[in-house]
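As structure tokens, the structure follows; a few thoughts come after it.
Nothing in this text is a laboratory measurement; each read-out follows from the coordinates by a stated rule. Keep in mind that what you see is a predicted model, and the values were worked out from it rather than measured. Glycine also receives a Cβ, built like all others from the backbone with ideal geometry; neighbour counts cover every protein chain displayed.
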Amino acid sequence: MKRFIGTAVVAATLALGAGLADAQNTPIAVVGPITGSNAALGEQMKRGAEMAVADINAKGGVLGKKLDLIIADDACDPKQAVAAANQVIDKKVVFVAGHYCSSSSIPASAVYNEAGVLQMTPASTNPALTDDAAKKGWINVFRSCGRDDAQGAVAGKYLADHYKGKKVAVVHDKTAYGKGIADETMKAMNKAGLRETMYEAITQGDKDFTALISKMKQENIDVIYFGGYQTEGGLIVRQARDQGFKAQFIGADALVTEEFWKITGPPGEGTLMTFPPDPRKVPAAKTVVDKFMAEKPPYNPEGYTLYTYAAIQAFAAAADKAKSVKLDDLSKALHSMTIETVVGPLTWDKKGDVTDPKYVFYIWKNGTYAEM
């Protein structure tokens, strides 16, 4: 197995959810941005994974063994993601719920494939993750979430329907996720008859967007479609309003976090974004949501919290059906099943993508977001 060696190995922190792994237990991992600008999103994954493991273990575990949860940090950095993947493989995990960022999931998937380990991402939406894996004949890559082409189709049609004759700026952050969702949205928007006025890229980590905002003001842009994460998106919104620029801001699923409003404050009012129908309202999720909200302090299982829980549910159900935690057996089981999860029933196509993903629009109002 090829190993990534360097500073990223040191930077990738790894913690065991219940002390050192017990040889009698089955180790699994959740890997995501525990640190860095997307740490709020990594926290969603961590909390969802911890609750899922606790609930499964309370019912006897998987194949008579309790699950040991390993939590690893990739900081949404591709090199650190490979280092973190190698670290959890060294811990003999049989399943990984992760990663969050597509730019992490894609390189890490090669590590898991070589090791014969099932990977199910709750949040990475770039089509290349499963498309490329399928082309290579890999059987280890799955999602519990949808893809950018499904999400982009909804966003692109909305833009074409609601902003006909208006000036649209498409902005992305150059990441696999940000550019991917921006391009899929633009493709769908173009197909529906609306052309972008501007197509611009920023760099993740940038703080000052004055030049970009000035350029959009000069072009009299009516709506900004942003492909990227909540930090840069929030800063663009706040700085635009500070400059008196009131173009409608539309983003995607990475904005479904309270962290977005913490960055924007009241200027975030009216921001639109796409995400699946609220998983917290799925009847099957009620017991789990109530448990999160009963914690002290209460935890709001927003965004991809429940999708991470669902990924671990899917692994457990596949293992129970296959009577095995070997990759070949788990993959065959997943492809043959409909699994009832906290986000609803999930089935998978040949590539490992969920069938018939749904996306709807949300709007930010008074510091919270809700479906439109």
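Extension gain, T197 to T287: 0.36 nm times the residue separation minus the Cα-Cα distance gives 27.7 nm. Too long at a 28 Å Cα-Cα cut-off: which of K291/K365; K179/K350; K191/K358; K66/K135? In this structure, K66/K135 lie more than 28 Å apart at Cα.
Using 0.36 nm per residue of separation minus the Cα-Cα distance, give me the extension gain between D161 and N190 in nm, one decimal.
9.3 nm
For the chain, modelled as a GNM whose springs connect Cα atoms under 10 angstrom apart, the maximal fluctuation among G244, G98, G193 occurs at G244. A dipole drawn for the stretch 149-275 from +1 and -1 charges on Cβ atoms has a positive end, and of N190, L212, F226 the residue lying farthest that way is N190.
The modelled label-to-label distance for the pair T35/H335, using points 7 Å beyond Cα in the direction of Cβ, is 4.0 nm.
Using a 4.7 Å Cβ cut-off, which Cys residues in the chain lack a partner cysteine? Those would be C145, since no other cysteine Cβ in the chain comes under 4.7 Å of theirs.
Here is the list for the stretch 127-185: trypsin sites (Lys or Arg not before Pro) lying in DSSP coil, each with at most 13 other C-beta atoms within 10 angstrom of its C-beta, are K136, K164. When the charge dipole of the chain is built from unit charges on Cβ atoms (+1 for Lys and Arg, -1 for Asp and Glu) and taken about the Cα centre, the candidate among Y307, I263, I339 whose Cα reaches farthest toward its positive end is I339.
For G270, the shell of other residues with beta-carbons less than 11 Å away shows a net charge of +2, using +1 for Lys and Arg and -1 for Asp and Glu. The relative contact order of the stretch 149-275 comes to 26 percent, based on Cα pairs under 8 Å that sit 6 or more residues apart.
Here the gap between S214 and T347, fully extended at 0.36 nm per residue and compared with their Cα-Cα distance, gives a gain of 43.3 nm. Across the chain, the relative contact order, built from alpha-carbon pairs under 8 Å that are at least six residues apart, equals 17 percent. Rank K326, K215, K296 by mean-square fluctuation in a GNM of the chain with C-alpha springs under 10 angstrom and give only the top-ranked residue. Maximum among the listed residues: K296. Summarising the label geometry, the points placed 7 Å from Cα in the beta-carbon direction at E269 and D356 lie 4.0 nm from one another.
Using only helices, what value at 222 nm comes out for the chain when you add -39,500 (n - 2.57) per DSSP H run of length 4 or more and divide by the total residues, to the nearest 500 deg cm²/dmol?
Details: 13 runs with 155 residues, N = 372.
The helix contribution divided over the chain gives -13000 deg cm²/dmol.
Dipole of the chain, Cα-centred, from +1 at each Lys and Arg C-beta and -1 at each Asp and Glu C-beta, to the nearest 20 debye?
In total the dipole reaches around 340 debye.
In this calculation the C-beta distance from I363 to A134 is compared with R0 = 41 Å, giving a FRET efficiency of 0.70. With 27 Å as the limit on Cα-Cα distance, the pairs of K174/K207; K164/K207; K207/K246; K91/K321; K79/K157 that go past it are K164/K207; K79/K157. Loop exposure criterion: GluC sites (Glu not before Pro), DSSP state outside H, G, I, E and B, at most 16 other Cβ atoms within 10 Å. Applied to the chain, the longest stretch between such sites is 1-218.
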